[in-house]
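Here is the structure we will look at, set down as structure tokens.
The values are calculated or read from the model by the stated rules, or taken from the named source; none is laboratory data. Since we're looking at a predicted model, the values are computed, not measured. A quick note on method: Cβ atoms are made from the backbone with ideal geometry, for glycine too, and the neighbour counts reach across all protein chains shown. Each accessible area value is taken on the protein alone, full model and side chains, heavy atoms only, with ligands, DNA and RNA left out. Shrake-Rupley method; radii C 1.70, N 1.55, O 1.52, S 1.80 Å.
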Amino acid sequence: MKIDRMLSQLSEWLLGNGPENDIVISSRIRLARNLSGFPFMTRATERDRKSIREAVRSAVLEIFKPDSFYFVDLDSLDSLDRNYLWERQLISRELVETEGACAVLIDRNEKFCIMVNEEDHLRIHGMTSGFDPEKIWSRINEVDDKLEERLHYVFHNKYGYLTACPTNVGTGMRVSVMLHLPALVVSKEIDKVFRSLQKVNLAVRGIYGEGSQPVGDFYQISNQVTLGRTEKELIEKISDIVPQIVAYERQAREFLLRERHEIILDRCSRAMGLLKTARTISSIETMHHLSSLRLGINMGLLNEPDIPVVNNLFLNTQPAHLQKHNGNELSQTERDIARAKYLRHKLDEK
Amino acid sequence: MKCQKCEKAATFHITELTGPKPLEHHLCEEHAREYLNNSAEQHDTASSLTTTLSQGMAKQMSANKVAAELKELDQQTCPVCGISFYDFRSRGRLGCPNDYDCFSKQMDALIINIHGVQEHIGKTPKHIEHQSNHRTLLIKLRRDLNEAVRLEEYERASQLRDQIKEIETE
């Protein structure tokens, strides 16, 4: 299976480089687009779904070099492979569960992907490690321009790009930034941050997007309003707020180092000890301890491993990744044992 | 009739259609507003759209008209994709681009409530669709084709296929 080749590489958004990468894991921009002449997905027949997919397939074949991307028909994948793509944030939960014809185009370097027949006909996503929404915007704006030359987008004089849900209408754009905020969580300052974000109309979610719970102190913040602002303004709004949150988290880290040194060192050391010795461990517990590890490394309390290694552990200990590495499906109990074994092995390497 | 929650006269009559059975509420203006505000927190996204919509409309007209208006609006159906406004507000998703125009009154109120404004000022495609009526017709034709195939009306299906092809190649 061609997507298996991705197993040996780290997704662009997890490289652990890019601006503010000690706190900002990754930035992401999504554009929602629909093709004219077709109903939205709620009313699309299987015939419509296939026609949309073929229209997109032939457009992307003209645009991109054949060896630069994978175009995967998701209905030909089993549930494990779909979950694997979801864990890499290349498809949404909705596409994991969709039954009809749907697809995803994945850039070989995982710098962008295009979901086909999700809530909208097209969802163009760009992602990068660290805080750099401008870089993503220039990349996916170009992809969008090229697609638009070959596909008929639905565009309304007043409302702009039309979408299946009116919450996305206008630019169809969602800018989101994934932040690691363990010190704000420990110092119980996180609620204050959320309240101030809500006041300025920004949404806060867990690591895997809409409806997901925050795990491992990861939070995703994004714009709620998509209409009546230019794309640049939407990016600027997030760009104004993120540095403030980053500064706030850094302050909280400094406070912990100064005033709670032993307590925080204890948390990080215990996390390392647990991950190195556990014989069975759940994915949530793993995320929790990896979060402490990441904090300890960034605060200079732990010397190893490197951040990209920790990022890799986050991804590779997710259920589908673990099973793909293992080469076969595993029950939950088997997964917890395999996860512990993997962690012991990886953390003892150095 | 008295308000179900206080001694005041009930001026707001709501029929809740989201559950298995229609639920009637008779409330005074104050409690009606409270009801509309609370339901946003209790329900999922789909029904909170209803609340957003009712709140948007409530700003524009007196509260006791809202329920009646909503009920009437619910019956409206898009001639292109066949979705009713009730379908939209219970699922939270529209059926086709034409819905934005066909439910324009409701959409205006809803969009103002979500985004605070109604006009797009961002990116515009370089090639704006000039044949947009034709493209909308395509949706209708595709739907008719599907129906014709289902009913095994092959002659009609073949005519529809020709019409679709003609528009597609324009």
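Each peptide in A:196-205, A:221-230 receives the mean, over its residues, of other Cβ atoms within 10 Å, and ordering these scores from highest gives A:221-230, A:196-205. Remark on region A:219-241: accessible area falls by at least 40 square angstrom from chain-alone to full-complex state for A:LEU227, A:GLY228, probe 1.4 angstrom. Subtracting the Cα-Cα distance of A:LEU257 and A:GLU134 from their residue separation scaled by 0.36 nm leaves 41.0 nm. Taking θ as phi - 60° and the Karplus parameters 6.51, -1.76 and 1.60, the scalar couplings of region A:300-312 work out to x, 8, 10, 8, 8, x, 6, 4, x, 5, 4, 4, 4 Hz in sequence order, x denoting glycine and proline. Considering the zone a paramagnetic label at A:LEU315 would reach in this model (a point 7 Å from Cα along the Cα-to-Cβ line), which residues of region A:14-29 have amide N under 18 Å from it? Flagged as within label range: A:14-19, A:21-29. Packing here is the average count of other Cβ atoms within 10 Å per residue, and on that basis the peptides B:106-113, A:255-262, highest first, run B:106-113, A:255-262. Estimated purely from DSSP H runs of n ≥ 4, each contributing -39500 (n - 2.57), the mean residue ellipticity at 222 nm for the protein assembly as shown is -16000 deg cm²/dmol once divided by its residues. For A:GLU329, no residue whose modelled amide H falls within less than 5 Å of its own remains once neighbours fewer than 5 places apart on the same chain are excluded. Averaged over peptide B:100-110, the number of partner chain Cβ atoms lying within 10 Å of each residue's Cβ comes to 2. Protein heavy-atom surface of the protein assembly as shown, 1.4 angstrom probe: 48% of the accessible area is carbon and sulfur, with nucleic acids and ligands not counted.
Cα centroids of region A:59-92 and region A:1-49: how far apart, whole angstrom? Region A:59-92 and region A:1-49 have Cα centres separated by 9 Å.
With a Förster radius of 41 Å applied to the C-beta separation of B:ASN133 and A:ARG108, the computed FRET efficiency comes to 0.50. Share of pairwise Cα-Cα distances greater than 16 Å in region B:126-169 is 38 percent (whole percent). When +1 charges are put on Lys and Arg Cβ atoms and -1 charges on Asp and Glu Cβ atoms, the dipole computed for region A:2-253 relative to its Cα centre reaches about 420 debye.
Model label sites at B:CYS6 and A:GLU54, defined 7 Å from Cα along the beta-carbon direction, differ in position by 6.3 nm.
Rounded to the nearest Hz, the phi-derived 3J(HN,Hα) couplings of region A:277-285 under the Karplus curve 6.51 cos²θ - 1.76 cosθ + 1.60 (θ = phi - 60°) are 10, 4, 9, 8, 8, 7, 5, 5, 5, where x marks glycine and proline. Legend: residues in region A:152-170 shielded by at least 30 square angstrom of accessible surface upon adding the remaining protein chains to the isolated chain (1.4 Å probe, heavy atoms) are A:HIS152, A:PHE155, A:HIS156, A:LYS158, A:TYR159, A:TYR161, A:LEU162, A:ALA164, A:PRO166, A:THR167. Is any residue of region A:61-84 close enough, with backbone N under 20 Å, to a label point placed 7 angstrom from the Cα of A:ASP4 along the Cα-Cβ axis, and if so, which? Under cut-off, by backbone N: A:69-84. Go through A:LYS192/A:LYS276; A:LYS232/B:LYS126; A:LYS50/B:LYS140; A:LYS192/A:LYS237 and tell me which ones have a Cα-Cα distance over 27 Å in this structure. With Cα atoms farther than 27 Å apart: A:LYS192/A:LYS276. Total buried accessible area between A and B, probe 1.4 Å, nearest 100: 3800 Å². Taking all protein chains as shown and a probe of 1.4 angstrom, A:MET115 keeps an accessible surface of around 10 Å². Charging the Cβ of each Asp and Glu at -1 and of each Lys and Arg at +1, and nothing else, the dipole of the protein assembly as shown about its Cα centre rounds to 740 debye. Between A:ARG250 and A:LEU61, the contour length at 0.36 nm per residue exceeds the Cα-Cα span by 63.5 nm. If eta is 1.002 mPa s and T is 20 °C, what Stokes-Einstein diffusion coefficient results for chain A, Kirkwood Rh from Cα pairs, in µm²/s? The calculation lands on 101 µm²/s. Under a 5 Å amide H cut-off, with hydrogens placed 1.01 Å from N, A:THR98 pairs with nothing among residues at least 5 apart or on other chains.
Go ahead and run the numbers for FRET between A:GLU233 and A:ASP266, Cβ-Cβ distance against an R0 of 45 Å, rounding to 0.05. E between A:GLU233 and A:ASP266, to the nearest 0.05, is 0.50.
Taking the Cα centre of region A:260-348 as origin and assigning +1 to Lys and Arg Cβ atoms and -1 to Asp and Glu Cβ atoms, the resulting dipole is close to 60 debye. Just grab the label-to-label distance for A:GLU97 and A:ALA203, each label 7 Å out from Cα along the Cβ direction, in nm (one decimal). Reported label-point gap for A:GLU97 and A:ALA203 is 1.6 nm.
Derived scalar couplings between HN and Hα for region A:21-27 equal 6, 6, 10, 8, 5, 7, 10 Hz in order, rounded to whole Hz, by the Karplus curve 6.51 cos²θ - 1.76 cosθ + 1.60 (θ = phi - 60°), x for Gly and Pro. Averaged over residues, the count of other Cβ atoms within 10 Å places the peptides A:37-43, A:282-288, A:322-328, B:88-94 in the sequence A:37-43, B:88-94, A:282-288, A:322-328, highest first. With a cut-off of 13 Å on the backbone N, the residues of region B:81-106 near the modelled label site 7 Å out from A:LYS158 along Cα-Cβ are B:99-106. Each of A:HIS321, B:ALA148, A:ASN109 was placed along the dipole of the protein assembly as shown (beta-carbon charges, centred on the mean Cα), and the one lying farthest toward the positive end is A:HIS321. Probing with 1.4 Å while keeping every protein chain in the model, the per residue accessible area of the protein assembly as shown equals 45 Å². Across peptide B:136-143, the mean count of Cβ atoms from other chains lying within 10 Å of each residue's own Cβ comes to 4.
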